[in-house]
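Below is one structure; the comments refer to it alone.
The values are calculated or read from the model by the stated rules, or taken from the named source; none is laboratory data. Everything quoted here is computed from the prediction, not taken from an experiment. In this analysis, Cβ positions are derived from the backbone assuming ideal geometry, glycine residues included, and neighbour counts consider all displayed protein chains.
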Amino acid sequence: MLIIGEFLEMSATKSIKIGITSQSDKNLFGNGLTQNIWFLFRILKNSGYDVSLVAEQEESIGNHLITEQIKPLNVENLNNFDLIIECAYSLSATLDEKIKDSGIVRVGIQYGNRLIIDLESIIFDKNYGISAKSRIDEIWCSPHFKFSMQPIETFNKTEVKICPYVWSPDVLIHKLIRDKLDPFFKQTTNINNLSFFEPNLNVLKTCLVPLAISEDLYLRRPELINKIYAFNTFKLKNNKSFIQRVSQLKIQKEAKIFYEKRFSFIEMLNDNNTGVVISHHWMNGLNYLQLEAMYFGTPFVHNSEFFKDHGYYYPEWDSKEGSKQLELAIETHKDVFLKERGRDREKLWEFHPDNPKNIQGYVDLIENALAKHLRK
């Protein structure tokens, strides 16, 4: 293991050994975390570090995340690392105790909206697990969670820093090649089919505002809407509050809306079931769905402040403006999507793991953490 004197002498040679707690890609598109791990791994590799995907759980060890095999992390090999980044999970009690007296730097990375999740855990007595960590040196969080930095710092008794948000289409390309899919927007896309893919697991991303947007447009111009697919809503079919809310809608009374289970965004595009995506977030403005839609050229009606100049933006909860943007998307997107492709790809480069700005962002975080916390 590298000691502090060696680190200070080596400058940018980066013979630093990093372990990222990981899971396999068996459910690659089940949530964003698996892709988060891959992009983090990739950018640290790009930065020149000796980085491994690691796991304590037997079911993950030996499996792969994309092309990388997950290696074991245990008491015997823990000291092979200079830095452990807790990404897929936090260390077990056994390693937590072991790392206390080691020289290893321990970083937690926050890819979820932990503050809001903690609020829900407390108010609704949900078993999400509270985010406080023991013996953590630093926490890094995505830019869209900057609002939560101060409470997270206080609860965890450690410093919170912003890390670059990273995404690239290579995970999508991996699936497209493997499954022989063609989800790109084209003139033959059925643009009058609307879809929303919000998970409806908590208050961060739900279908309520997309429902209001669709209803408002249907009341004004019903000829523009063919079908509406509300994915991730099948589990709500017995929810009395949900049933009461949607029963008032004209799109419900006239059988325009279909409540579906979870389906892959890529596959729904490939099958031409999705023409326009309608999305809504609360305090969660960076989402892979937005980036994937931009990559495929899919019209995307959204309220993400990070992409105000891309797609079809409406502010905050303004479903009336969202309805206008949906109307604009349906009527004009086939005329402009080829022109917008270059501008969208330029925006996507802002988040790419090959972007030198993002690489330097992680180099600075790692080298500062090692210089500050690495113990002999």
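Given the conditions (1) free of Cβ contacts under 8 Å to residues at least 12 places away in the same chain; (2) within 22 Å of the chain's Cα centre (by Cα), which single one is not true for residue 358?
If we test residue 358 against (1) free of Cβ contacts under 8 Å to residues at least 12 places away in the same chain; (2) within 22 Å of the chain's Cα centre (by Cα), just (1) comes out false.
Scan region 226-252 residue by residue and report those that are over 29 Å from the mean Cα position of the chain (by Cα) and part of a loop (DSSP other than H, G, I, E, B).
Of everything in region 226-252, those that are over 29 Å from the mean Cα position of the chain (by Cα) and part of a loop (DSSP other than H, G, I, E, B) turn out to be 226, 247, 248, 249.
Restricting to region 167-197, what's the tally of residues that are in contact with a Lys or Arg (Cβ under 8 Å, 6 or more places away or on another chain), part of a loop (DSSP other than H, G, I, E, B), closer than 19 Å to residue 34 by Cβ and of a type outside the set (S, T, N, Q)?
Adding up the residues that qualify gives 1.
Could you list, in sequence order, the residues of region 264-302 that are more than 16 Å from residue 205 (Cα to Cα) and assigned to a loop (DSSP other than H, G, I, E, B)?
Scanning region 264-302 gives 264, 271, 272, 273, 274, 275, 297, 298, 299.
Every residue, every condition in (1) among the hydrophobic types (A, V, I, L, M, F, W, C); (2) modelled with pLDDT of 95 or more, yes or no:
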residue: 272; (1), (2): no, no
residue: 276; (1), (2): yes, yes
residue: 281; (1), (2): no, yes
residue: 287; (1), (2): no, no
residue: 293; (1), (2): yes, yes
residue: 312; (1), (2): no, yes
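Check 66, 37 and return the single one that is surrounded by 14 or more Cβ atoms within 10 Å (Cβ to Cβ), within 28 Å of residue 354 (Cβ to Cβ) and at pLDDT 85 or above.
Numbers: 66 fails: at pLDDT 85 or above.
Just one listed residue meets the conditions, 37.
Return only the number of the condition from (1) of a type in the set (Val, Ile, Thr); (2) touching a residue at least 12 places away in the same chain (Cβ under 8 Å); (3) surrounded by fewer than 18 Cβ atoms within 10 Å (Cβ to Cβ) that residue 336 does not satisfy.
Here residue 336 meets the rest and fails (2).
I'd like to know if region 318-327 contains one or more residues that are under 20 Å from the mean Cα position of the chain (by Cα), surrounded by fewer than 22 Cβ atoms within 10 Å (Cβ to Cβ) and assigned to a loop (DSSP other than H, G, I, E, B). Talk me through it step by step, then tell me what you get.
First pass over region 318-327, keeping only residues under 20 Å from the mean Cα position of the chain (by Cα): none.
No, the conditions are met nowhere in region 318-327.
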